[in-house]
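Taken together, the values in this text are just the output of simple stated rules run on the coordinates, not laboratory data. From a predicted model like this one, the values you see are computed outputs, not experimental measurements. As a convention, Cβ positions derive from the backbone with ideal geometry for all residues, glycine included, and neighbour counts pool all protein chains shown.
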Amino acid sequence: MDVENMYQNYAKPLYWFLLGLSHSPETAEELTAETFYQAIRCIKRYDGSCQLKTWLFQIGKNLWLKQCAKEKRDFHLIGQEASVECSYDPMDQIVDESEERITFYKKITSLDEPYKTVVYLRLASNLTFEEIGQVLNQSANWARVTYYRAKERLKASYEKD
């Protein structure tokens, strides 16, 4: 895949993922550009063991973590959790109303890590649980369980309102 196609296919999902992490459009733009710069510079190190999209998200996440460390900002490292299978996914039917969508994303933003990151990767970036696990150096089951727990927290948040 050439650089232009790589950028066209992955820039927008990567930007939304980085926006979810950084909460700053400017930072997300800078990190997206830096991610593609680093990917192009190090393309020979891409061994194909994961999808290109996953590799780019890993680079972006690592750049964000480096930026947090430079700025001495707090971020939470993600730990292992038990695995549970969940086949029903009510979040697949996200509402189209813009006010409800804004409320929904505000609720996601209020989630603690790693729940927020997993939900953003799943919904905004449309990654599989396997890809989410790869990006966050966890298993696919961990990603599935974390996503399920995030949905439960979001449901509880809506019930409180």
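What is the magnitude of the charge dipole of the stretch 3-77 about its Cα centre, with +1 placed on the Cβ of each Lys and Arg, -1 on the Cβ of each Asp and Glu, and no other charges, expressed in debye to the nearest 20?
260 debye
Normalised radius of gyration for the stretch 98-161, please: alpha carbon Rg relative to 2.2 N^0.38 Å, two decimal places.
1.10
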